[in-house]
Amino acid sequence: MRGNRDFLLGEKFTCHNGIHLLEDKTIILLYGKPTLLMHGDLLCTNDRAYQYYRKIMFSPWVKKICLSLPLNLRRAMAKKLRSISEYSQRLKKKAIDTIPQESVIQALENTHTTLLIHGHIHQAGEYDIPLTHQIGKRLVLGAWDSQQGNAIIASENKPPRLISFKEAIELTN
C-alpha cells in the first residue's frame, strides 16, 4: 500500500519486485473476518494542511509531471518534502490525536467491518472502537524501523494483535 511519500509507486515497481500493490481502503478476509486495511492518512481529518497536500500530490496530473522529471530531481524533491514533513510533525500535537475516533468509526461502519489495520502515524497501538452494534478493533502499526517496528500476528484461533519485529523474528526461528 502506498504511503504519503511513495505515491508514485506503480506497475513497473510491482512487476520488478514481484509484489501486489494494495489500494488504500482495501478489505481483506483475515481468517474469515472482514478487515479494513488503510494507510491511515485519510483518517487524519483534523489535519487540513496534510489533506490539502495529499489531494494535490495524489492527483493524476501531479503524478504525471513528477514521473516526467529526471530521477535525481525527483530524489531531491522527495528529500525536501521529507524535511518539510518532519518539521511540520514537530509543530503538531501528538500524532494519535490527529485521527479522531469519529473518523475510525465512520471508516469501519461505512465498510461494514469491525477490524481496522493502518499505519501513517507511526505510533503502534491497539484500541477498542465503540461501534453501533458491537466493539470494533483498531490496530496501528508503528514506524517501519528495524529497531522498533512491529507486525501483526493472527491465527484462526486467536484475534490479531501487534507484536514487535523482535518477537516476530523469534517466532520464525
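Structure above, values below:
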quantity: Qualifying residue in segment 41-51 (condition: of a type in the set (Ser, Thr, Tyr), at pLDDT below 90 and in contact with a Cys (Cβ under 8 Å, 6 or more places away or on another chain)); calculated: yes
quantity: Segment 2-36: number of residues that are assigned to a loop (DSSP other than H, G, I, E, B) and among the basic types (Lys, Arg); calculated: 3
quantity: Only one of Ile105, Ile135 that is among the β-branched types (Val, Ile, Thr), under 22 Å from Asp47 (Cα atoms) and out of contact with any Cys (no Cβ under 8 Å at 6 or more places or on another chain); calculated: Ile105
quantity: Members of segment 9-52 that are closer than 29 Å to Ser68 by Cβ and among the basic types (Lys, Arg); calculated: Lys12, Lys25
quantity: Failed criterion for Gly142 (all others in (1) of a type outside the set (A, V, I, L, M, F, W, C); (2) over 17 Å from the mean Cα position of the chain (by Cα); (3) surrounded by 10 or more Cβ atoms within 10 Å (Cβ to Cβ) hold); calculated: (2)
quantity: So Ser83, is it in contact (Cβ under 8 Å) with a residue 24 or more places away in the chain, among the small types (Gly, Ala, Ser) and surrounded by 10 or more Cβ atoms within 10 Å (Cβ to Cβ); calculated: no
quantity: Residue among Glu167, Glu109 that alone is among the acidic types (Asp, Glu), over 17 Å from the mean Cα position of the chain (by Cα), within 25 Å of Glu23 (Cα to Cα) and surrounded by 11 or more Cβ atoms within 10 Å (Cβ to Cβ); calculated: Glu109
quantity: Selection within segment 80-102 - modelled with pLDDT under 65 and not small (Gly, Ala, Ser); calculated: Lys92, Lys93, Lys94, Ile96, Asp97
quantity: Selection count, segment 1-53, where residues are touching a strand residue (DSSP E or B) at 6+ places or on another chain (Cβ under 8 Å) and among the β-branched types (Val, Ile, Thr); calculated: 4
quantity: Residue list for segment 1-24, restricted to those being more than 23 Å from Lys79 (Cβ to Cβ), under 19 Å from the mean Cα position of the chain (by Cα) and of a type outside the set (A, V, I, L, M, F, W, C); calculated: Thr14, His20, Glu23, Asp24
quantity: Lone qualifier among Lys33, Lys25 - being surrounded by 11 or more Cβ atoms within 10 Å (Cβ to Cβ), closer than 23 Å to His122 by Cα, in contact with a Ser or Thr (Cβ under 8 Å, 6 or more places away or on another chain) and at pLDDT 90 or above; calculated: Lys25
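The values are calculated or read from the model by the stated rules, or taken from the named source; none is laboratory data. These numbers come from a predicted model, not from an experiment. Using ideal geometry, Cβ is built from the backbone for each residue, glycine included, and neighbour counts are taken over all protein chains shown.
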